[in-house]
Amino acid sequence: PENFRRPYGALSVRDFWRKWHMTLSTWVRDYVFFPLGGSRGTEVKVARNLFVTMIVLGIWHGASILWVGYGVFHSIVMVGERLMDRVFKGEPWAKTPARKLLLWFWTFSFVTFTTIFARARSLDQMIDVLVNYGSRGLDDVKPWALAAPAFGSLLLAPLVIMRSEEHT
């Protein structure tokens, strides 16, 4: 079965998980999230269901506190996205290309940032990465290293926006 559907073009973390590792996401939805009550009940119960589900997803990837943290951070954002849906009464906020680009950039940045949890070998290493992030200063950074991601993002932005419209 299809297992990935352009997840890095997602406009939300919930959308990312719909597109990322779809067979695993479907299995966890069917055998963890739904049996807990799914999206039925109070927002507190739904939040609990999301937390448990995302922690299970994290532990499936690796049984460590780092993967649990990965699941917790993703669930916090997913709960926040649900609350924002309530604020906007189900109307999509990203109605313009500029807003879609902003949501894509935020989602992409969050998802790639949280890979620190996935890539670190220990809690100490992860803390070291977070504490020392960017501490070497700009003297050590090559100009092309700063420009390449920004330029690449600008080139990809129209493609991401057009593709996201196909699947909305």
Taking Cα atoms only, Rg over Rh for region 1-73 with Rh from the Kirkwood formula is 0.97
Loop-resident chymotrypsin sites (Phe, Trp or Tyr not before Pro) in region 31-99 with no more than 15 other Cβ atoms inside 10 Å, DSSP not H/G/I/E/B, are PHE88, TRP93
So for region 32-117, using the alpha carbon gyration tensor with a ≥ b ≥ c as root eigenvalues (a/c under 1.5 gives rounded; past that, a/b versus b/c decides prolate or oblate), I'd call it oblate
For THR26 and VAL129, extending 7 Å from Cα along the Cα-Cβ vector and measuring point to point gives, in nm, a value of 3.1
Among LEU83, PHE73, THR26, the residue whose Cα sits farthest towards the positive end of the charge dipole of region 1-94 (+1 at Cβ of Lys and Arg, -1 at Cβ of Asp and Glu, taken about the Cα centre) is LEU83
Candidate cut points under trypsin sites (Lys or Arg not before Pro) in region 78-134, DSSP loop plus at most 12 other Cβ atoms within 10 Å of their own Cβ, are LYS89, LYS95, ARG121
Computed over region 24-65, the convex hull of the Cα set has an average projected area, in nm², of 2.9
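Read the figures in this text as sums done on the coordinates, not as results from a lab. A quick note: this is a predicted structure, and the numbers were derived from the prediction, not measured. Don't worry about glycine lacking a Cβ; one is built from the backbone with ideal geometry, like all the others, and counts go over all protein chains shown.
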